[in-house]
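A short reminder: the numbers here are calculations on the coordinates, not readings from a lab. None of the values given here were measured: they were computed from a predicted structure. Here the Cβ is made from the backbone with ideal geometry for all residues, glycine too, and neighbour counts use every protein chain on show.
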Amino acid sequence: MSRLVIPSHPPNEEGNVVRVTPESAGWEYVGFEVYVLAKGQTLRKETLAQEACLVLLKGKANISTKQERWEQIGLRMDVFEKVPPYSVYVPANDVYEIEAVTDVEVAVCLAPGKGTYPARLIPPSEVGVEIRGAGNIERRVHNILPESQPADSLLVVEVFTPEGNWSSYPPHKHDQDNLPHESYLEETYYHKINPGHGFMVQRVYTDDRSIDETMVVKNGDVVLVPKGYHPVSAPPGYEGYYLNVMAGPVRTWKFHNDPDHEWVMESKLAAKQK
Ligand SMILES: O=C[C@H](O)[C@@H](O)[C@H](O)CC(=O)O
């Protein structure tokens, strides 16, 4: 299996099913954890030097921080209901406690924090919904924590790839700290597949092909994107979901398309206009 694929495992005693740290990923910024909590189970963590975006992938929970508490938040019981999630932003040097009101799956998106902004609820109504692309590169994007919303480092987005379609396509990259042309952002993909026994295909490759990995991705896998282009394909019969966490030295998403393939977007959009 590729070193870029981190499979999930059964929940441990605190409910953790997958964990990526900057150290385990061999990079500097992005951390990512997923917890599956049974009804009544509680998870409590300190954020220390990281900020967190807690994304309720499914289920309802009470979530509190040092200063705030939100009760009975959570809308969807499955990510494939395709309604935007409830999330909670937690700054550095804070504490969060998640009490599962129903069975819950929650993603903890992490990046370096300075404590600039207070803890806040990000309700579904504040999540920007976007249909990106056209034809068999059309996909649905939920912008959970985009650069237009305040945070120190974190960018969080979820994407739905219809069966037979490609997303993160044309292939793009953001691995150069070279603004205004391109930003350097490390990225994780947390994949879910419907039906769950299916697979997705993801390629991660660089211009010099020093990385060129084409991976079969299963339900619950995390894919690391340290650099390079990173397109995703959903086979016929299977709908894909992924949650992206991005972070780097500057909190802006300025990507660069693979020049060999960027013509495809214009071609698909033009065909849609006909
Ligand atoms: O760089 C961002 C990530 O690769 C995805 O969020 C991607 O942009 C999603 C998409 O365009 O389909």
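Of the residues GLY164, GLY59, GLY228, which exhibits the maximal mean-square fluctuation in a Gaussian network model of the chain defined by a 10 Å Cα contact cut-off?
Result: GLY164 has the largest fluctuation of those listed.
Over region 72-165, what is the relative contact order in percent, taking alpha-carbon pairs closer than 8 angstrom and at least six residues apart? Provide the component values of the computation, followed by the final result.
Working: 131 pairs, mean separation 24.7, N = 94.
Contact order relative to length: 26 percent.
On the Cα set of region 128-223, report Rg and Dmax in Å, please.
14.5, 42
Projected onto the charge dipole of region 1-114 (+1 at Lys/Arg Cβ, -1 at Asp/Glu Cβ, origin at the Cα centre), which of VAL17, TRP27, SER2 gives the Cα projection farthest towards the positive end?
SER2
What distance in nm lies between label points placed 7 Å from Cα along the C-beta direction at ALA271 and THR214?
Those two pseudo-labels are separated by 2.0 nm.
Can you tell me the relative contact order of the chain? Whole percent, Cα pairs under 8 Å, sequence separation 6 or more.
Rounded, it is 19 percent for the chain.
Counting helices only, and only those DSSP H runs with n ≥ 4, report the 222 nm mean residue ellipticity of the chain as the sum of -39,500 (n - 2.57) divided by its residues, in deg cm²/dmol to the nearest 500.
Details: 2 runs with 15 residues, N = 274.
Calculated from helices alone, the mean residue ellipticity at 222 nm is -1500 deg cm²/dmol.
Quick check: from the Cα gyration tensor, does region 1-64 come out rounded (a/c under 1.5), prolate or oblate? Mind dumping the intermediate values first?
On the way: a/c = 2.30, a/b = 1.38, b/c = 1.66.
In terms of gyration-tensor shape, oblate.
For a quick check, take a GNM of the chain with Cα springs below 10 Å and name the residue from ASN93, ASN194, ASN178 with the largest mean-square fluctuation.
ASN178
For region 1-154, what is the largest minus smallest coordinate of the Cα atoms on each principal axis, given in angstrom and ordered from greatest to least?
Principal-axis extents of region 1-154 (Cα, largest first): 46, 36, 35 Å.
Which of the lysines could a cross-linker span from LYS227 if the Cα-Cα distance has to be under 17 Å and same-chain partners fewer than 8 positions apart are dropped?
Straight-line reach from LYS227, under 17 Å: LYS173, LYS254.
Cα to Cα, under 18 Å, and not fewer than 8 places away if on the same chain: which lysines meet these conditions relative to LYS192?
Cα-Cα hits under 18 Å: LYS58, LYS82, LYS218.
Running Debye on the chain with equal point scatterers at the Cα sites and no solvent, what base-10 log of I(q)/I(0) appears at q = 0.09, 0.10, 0.13 Å⁻¹?
-0.39, -0.48, -0.83
Per-residue counts of other Cβ atoms within 10 Å, averaged by peptide: what ranking do you get for 1-8, 155-162, 124-131, highest first?
155-162, 1-8, 124-131
If we sort 14-22, 219-227 on the protection proxy, mean other Cβ atoms within 10 Å, highest first, what's the order?
Working: 14-22: 17.4, 219-227: 21.4.
Order by mean packing, descending: 219-227, 14-22.
Could you check the spin-label model distance between LEU121 and THR252? Points 7 Å from the Cα along Cα→Cβ, value in nm.
Inter-label distance under the simple model: 3.3 nm.
Identify which of ASP208, ASP152, ASP94 has the largest mean-square fluctuation in a Gaussian network model of the chain, with springs joining Cα atoms closer than 10 Å.
Looking only at ASP208, ASP152, ASP94, the biggest GNM fluctuation is shown by ASP208.
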